[in-house]
Amino acid sequence: MTELGKLYGGALYELAEEQSLTAELLEQTAVLDGVFSDSPDFIKLLCTPSLKKEDRTAIVEESFGGKIEPILLNFLKVLTEKGLMREFPHCVKEYRGRYNEAHNIEEVTAITAVPLSEALCGKLSERLRSVTGKDILLHNRVEPSVMGGIRIEMAGRQIDGTVRSKLEGIRSSLLEIIA
């Protein structure tokens with residue numbers, strides 16, 4: 001995450017908190033982040049210095065006016081005016097981090113070789129909740145290269161119980177014995 005993303009995303013969260021709109025803006029920023037990542041040319045357009053600031057902000061108004069909270073619309077206009085729309089994903093990440101912290105939520109990614117069933121996701125979430133004391137927002141990412149088992153990534157920590165990891169450990173042990 002960039003410093004500008006932290007600064008602007010944090011400011012957006014504080015404004016949303018003052019107006020009791022944190023949940024609404026969390027949802028809307030996530031949707032916009034997806035839209036922008038699917039449409040990189042739109043971001044390029046909003047960052048084009050050859051277009052007047054007024055024209056760029058008019059594009060934002062025309063595209064999103066009446067569809068998102070006014071505070072978020074104005075935030076997009078500020079980023080557009082300053083040529084910082086490329087920072088939006090970083091702003092969203094900071095916003096989400098502050099929201100999660102304020103609401104005692106831990107985002108966790110479970111990496112598995114095959115998708116986890118709903119029942120397993122529930123059990124894993126419950127187990128992690130008992131360990132962390134936080135509500136768990138679980139994401140499952142499928143990576144066939146793990147072969148089996150599960151790798152948990154949360155709050156900068158990683159717990160690796162994958163088959164691939166265990167095989168690499170065995171390989172390292174064998175190499176130490178041979179050497």
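The values are calculated or read from the model by the stated rules, or taken from the named source; none is laboratory data. Since the structure is predicted, the reported quantities are computational estimates derived from the model, not experimental observations. Neighbour counts run over all protein chains shown; Cβ positions are idealised from the backbone, glycine included. Keep in mind that these areas ignore ligands, DNA and RNA; they rest on the heavy atoms of the full protein, side chains included. Shrake-Rupley method; radii C 1.70, N 1.55, O 1.52, S 1.80 Å.
Listing for the model above:
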read-out	value
Which listed residue is surrounded by 15 or more Cβ atoms within 10 Å (Cβ to Cβ) and either within 27 Å of L138 (Cβ to Cβ) or of a type in the set (V, I, T) (or both), from T80, T48	T80
Boolean, G10 is of a type in the set (G, A, S), at pLDDT below 95 and open to solvent by less than 80 Å² (accessible area, probe 1.4 Å)	no
Residue count, the range 107-142 (criterion: touching a helix residue (DSSP H, G or I) at 6+ places or on another chain (Cβ under 9 Å), surrounded by 13 or more Cβ atoms within 10 Å (Cβ to Cβ) and either modelled with pLDDT of 95 or more or not small (G, A, S) (or both))	12
Pair list, Cβ under 6 Å, 6 or more apart: the range 147-161 residue closer than 16 Å to L137 by Cβ, other residue open to solvent by 90 Å² or more (accessible area, probe 1.4 Å)	I152/I159
Close pairs (6 angstrom Cβ cut-off, 6 or more residues apart or separate chains): in contact (Cβ under 8 Å) with a residue 12 or more places away in the chain in the range 57-79, open to solvent by 40 Å² or more (accessible area, probe 1.4 Å) and aliphatic (A, V, I, L, M) anywhere	I71/L15
Test result for E54, on the phi < 0 side of the Ramachandran plot and within 20 Å of the chain's Cα centre (by Cα)	no
Leading residue by the ranking (nearest to the chain's Cα centre (by Cα)) among those in the range 3-28 that are closer than 24 Å to S63 by Cβ and not in a helix (DSSP H, G or I)	L21
Members of the range 61-77 found to be under 15 Å from L25 (Cα atoms), in a helix (DSSP H, G or I) and open to solvent by 20 Å² or more (accessible area, probe 1.4 Å), listed by number	F64, P70, I71, N74, F75
Qualifying residues in the range 108-147 (those that are part of a loop (DSSP other than H, G, I, E, B) and farther than 25 Å from K166 by Cα) - the one nearest to the chain's Cα centre (by Cα)	K134
Filter pass, F42 being within 17 Å of G83 (Cβ to Cβ), in a helix (DSSP H, G or I) and touching a residue at least 40 places away in the same chain (Cβ under 8 Å)	no
Pairs where the first residue, in the range 1-27, is farther than 16 Å from I71 by Cα and the second is hydrophobic (A, V, I, L, M, F, W, C), C-beta under 6 Å, 6+ apart	G5/C91
Tabulated pairs, the range 102-127, first within 23 Å of L26 (Cα to Cα) and in contact (Cβ under 8 Å) with a residue 12 or more places away in the chain, second surrounded by 15 or more Cβ atoms within 10 Å (Cβ to Cβ) and basic (K, R), C-beta under 6 angstrom, 6+ apart or interchain	N104/K134; E106/K134
